[in-house]
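See structure below.
The values are calculated or read from the model by the stated rules, or taken from the named source; none is laboratory data. Not measured: the values here are computed from a predicted model. Heads up, the Cβs are rebuilt from the backbone with ideal geometry, glycines too, and the neighbour counts pull from every protein chain shown. Areas reflect the complete protein model, heavy atoms only, side chains present, ligands, DNA and RNA absent. Shrake-Rupley method; radii C 1.70, N 1.55, O 1.52, S 1.80 Å.
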Amino acid sequence: SLSSNYEAQMKSLLRIVRIFCHVFRIGPSSPSNGNDMGYNGNKTPRSQVFKVRKVYDVVRKIDVKEMNFTKHAFINQTSHEQEPLELLWHSLDEWLVLIATELMKNKRDSANITSILLKQKGPDHQDATSAPSFATAGAEGRKELPTDAVELKAYDVAGKQEACADCQDVISMTANRLSAVIQAFYMCCSCQMPQGMTSPRFIEFVCKHDDVLKCFVNRNPKIIFDHFHFLLECPELMSRFMHIIKAQPFKDRCEWFYEHLHAGQPDSDMVHRPVNENDILLVHRDSIFRSSCEVVSKANCAKLKQGIAVRFHGEEGMGQGVVREWFDILSSEIVNPDYALFTQSADGTTFQPNSNSSVNPDHLNYFRFAGQILGLALNHRQLVNIYFTRSFYKHILGIPVNYQDVASIDPEYAKNLQWILDNDISDLGLELTFSVETDVFGAMEEVPLKPGGASILVTQENKAEYVQLVTELRMTRAIQPQINAFLQGFHMFIPPSLIQLFDEYELELLLSGMPEIDVNDWLKNTEYTSGYERGDQVIQWFWDVVEELTQEERVLLLQFVTGSSRVPHGGFAHIMGGSGLQNFTIAAVPYTANLLPTSSTCINMLKLPEYPSKEILKDRLLVALHCGSYGYTMA
C-alpha cells in the first residue's frame, strides 16, 4: 500500500503485537491440569491468544491489501498459537525474497549496462565528450553499426537504467513497512524464548535475508533504532552489521546513542522536573569518595538515570553546577593513589587498573563504584577529568587488546615483543616457553600462558600466539577481576550493545571531551627530519591546513600521530614517546599519486609526503585522519 497513513498502521500493528506478546508471556508455560490457562483465573487458553478474530482480521487486511503472495517456500513452521500471524510472516518472507531477486537482477543489469557503455567507446573514443560509437570488428577494420541498431542499443541501456531506478523505488517504498513487520516478527519470536536468548528461528531468518537487511540498513542506518532493535540486543546478529554502523558519522552515532539510551524514560520531555528530597545525593566534602560510594550504591538506579541531584553536607547549593563539581572531584579521586585502584601509565597522563589493587580490601566495590560514576557521567553528558589507557577503553567496549597496547604500561617490553615478531627466532637460542615471570606484590612468580605452557617452546611458527597470550596476561588476565567489577557498575547505566557503536578513541572523547589545542604551541614544539625544514613550502602548507581544521579534526590529527587525544600538562613540549620526552616530528616521504600520510605513534612522527599542492595535501590528510584509526601497525 502506498497510502500516506502507513506509519499509523505500522504503529497500530506493533502495539497490538506488543499486547499479545505480553498476554502470551503471562500464561503458564507448563500447566499442571492440562489446561493452558492464563494466570489469575484467566479462562482464555494461551494457545488461543493469537487466534482472536479481530487480530486475524487486521492481519488479513494488511496481507491482502499490501502484499502479493508468490510461490517461495515458507520459513520454519511454528506452534499453532500464532497461526493467523503466520500469514503475515509468510508474506514478509516472500517480499524479502522478491526484493533479493530484484537486487540480484539489478546487479546483473548494472554489469550489463557498464559492459555496453564500455563497448560503445573504442580505443580512440575514450574522452567523456565524444559521442558513443557502437562498432564491430570486420575484415576491413572498424565498421559503424546501422542507425537503427544504435537506437536499439541506446533504448536497451535506457530501459535497464529505468528498471534499476524502479527497483530502488520499490525498496524506498517498502523498506520502512517491511522493517516494522520484521520488528513485529522479532517480538513474537522473542516472547517464546527465555529472557536473554535469541530465537533460533529469528537468527535463521536474519541469515537467510542478510543481503536485503544490509541494503535497508545501508540506505537508512537509523532504521536500526526505529525497528531493528534485535541488532542492539543480540551481539551475534549485531556483528554482521557493525561495519555499516561504524561507517556512519560520529555525530550521528552520538545522537542515536542518546536517543536510544533515553527512550521511554518518564518525564524525559520535561525541562524542569521537581526534585524529591529523598532522591538527593547527600555527600561529605571531606570524605567525598567513600560517602558518594555509599549513597550511590543505595540509590535507585532507574531514578539516577532520569536525573541527579547532589548536595554537599552543610551547604545549601544545588543544581547542575554542583553536579558538575561532584563529577569533577570524583574523577580525580578515582585515580587517587591512596585507594590503589589505578596506576599511572608510561606516558604519565593516562591510567590503567592496578593489578595489585587488592591491598585495598574494598577494591572491587570501589571499582564497581568507579564504573557507576563513569556510566552516570556518560548517561547525563557530564565530562570527567580523567583519561585511561587505550587498552582500558578497549576493555570497556569489549574489543580485544593487542601487543601494541603493552607500550602504555611497559614501552621496553612492547619493543621486545615487536622484535620477536619482526625477526626469525629459529636459531637464536632464546629458549622461551609459554610461561612468563610476573611481579605479584614484589615477588616474582612463573605464570603459564596456557595449560602446560612451561614445557612448550616458543618457535618461529607459534611466536604470534605467544605474543598475543603474553599481551592478554599483562593487559587483561592480570586485572580481570578489576575489569569485571568496573563493567558491572558501568553497565548499570550504559548497555553494552549501545556503547559498541564507538571505538576506543571516540569513547575517550565521549567521556572526557575534546581538549583545546594551541596550534602556536604545537608549531613551536615540532621538529623536522628526513629532508624537511621549517621554511619548506610543504611544511607551510601543512600548518595552514592545521589552522583550517576544525577542533575535532585537530584532535584526530593528534591521535593519528601520537596515539592520544590529549596535550599533557605544560603543553606540546612535554609530549612523551616510547623512550621518554619526544617532540611531535614531521618526516619527508617521496610523493607518489594518492599516497596517504602515515605515522609512527611510538616516536610521535608524521610521515608527510612531499605533496605538489596545498589542496592535495589537505585532501590526503583528511582521508588518513578519518580512516587511520582502523589501520595501525607497528613501525
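Considering only Met187, Cys234, Asn218, and ranking their Cα positions along the charge dipole of the stretch 171-248 that arises from unit charges at the beta-carbon of Lys, Arg, Asp and Glu, the one farthest toward the positive end is Asn218. On a per residue basis, the stretch 403-509 carries 48 Å² of accessible surface, using protein heavy atoms and a 1.4 Å probe. Using a probe of 1.4 angstrom and keeping all protein chains present, the accessible surface of the stretch 277-384 works out to 46 square angstrom per residue. Rounded to the nearest 5, the antiparallel percentage of DSSP beta bridges internal to the stretch 514-629 is 35%. Phi-derived couplings, Karplus 6.51 cos²θ - 1.76 cosθ + 1.60 at θ = phi - 60°, listed residue by residue for the stretch 492-506: 5, 10, 10, x, x, 5, 6, 5, 5, 5, 10, 9, 5, 6, 5 Hz, with x used for Gly and Pro. In this calculation the C-beta distance from Ser287 to Gln320 is compared with R0 = 25 Å, giving a FRET efficiency of 0.60. The value given for the stretch 514-629 is a Kirkwood hydrodynamic radius of 14.1 Å, derived from the mean inverse Cα-Cα separation.
Over all other residues within a Cβ to Cβ distance under 13 Å of Gly375, the charged ones net out to +3, with Lys and Arg as +1 and Asp and Glu as -1. In the stretch 473-531, the convex hull through the Cα atoms has an average projected area of 7.7 nm², a quarter of its surface area. Between the amide H of Ile586 and those of Glu527, Tyr528, Thr529, Leu606, distances stay under 5 Å, these residues lying 5 or more places away or on another chain, with hydrogens modeled in the peptide plane. Cα-Cα over 28 Å: which of Lys415/Lys524; Lys415/Lys607; Lys394/Lys524? Beyond 28 Å: Lys415/Lys524; Lys394/Lys524. Each other residue within a Cβ distance under 14 Å of Tyr611 adds +1 if Lys or Arg and -1 if Asp or Glu, for a net charge of -1.
Using the beta-carbon distance between Val623 and His313 and R0 = 45 Å, what value does 1/(1 + (r/R0)^6) give for FRET efficiency, to the nearest 0.05?
It comes out at approximately 0.25.
Less than 5 angstrom separates the built amide H of Thr598 from those of Lys607, all sequence-distant by 5 or more or on a different chain. Modelled label positions at Trp543 and Asp328, each set 7 Å beyond Cα in the direction of Cβ, lie 3.3 nm from each other.
Length gained on full extension, Asp226 to His22: 71.4 nm, using 0.36 nm per residue less the C-alpha separation. Given their separation in residues at 0.36 nm each and the Cα-Cα distance between them, Glu552 and Asn336 gain 74.8 nm when the chain is fully extended. Projecting the Cα atoms of Pro495, Thr476, Ile517 onto the dipole axis of the stretch 466-523, where Lys and Arg carry +1 and Asp and Glu carry -1 at the beta carbon, places Thr476 farthest toward the positive end. For a quick check: with amide H placed at 1.01 Å from N, whose amide H comes under 5 Å from Asn354's, ignoring anything fewer than 5 positions away on the same chain? Here the answer is Phe342, Thr343, since their amide H atoms fall under 5 Å of that of Asn354. Given R0 = 22 Å, the distance between the Cβ atoms of Glu277 and Ala302 translates into a calculated FRET efficiency of 0.80. The share of accessible area on the stretch 313-405 that comes from carbon and sulfur is 46 percent, using a 1.4 angstrom probe. Here the stretch 403-509 is described by how far its Cα atoms reach on the three principal axes: 52, 30, 24 Å, from widest to narrowest. Fully extending the segment from Ser426 to Lys11, taken as 0.36 nm per residue of separation minus the present Cα-Cα distance, adds 142.8 nm. Averaged over residues, the count of other Cβ atoms within 10 Å places the peptides 451-463, 330-342 in the sequence 330-342, 451-463, highest first.
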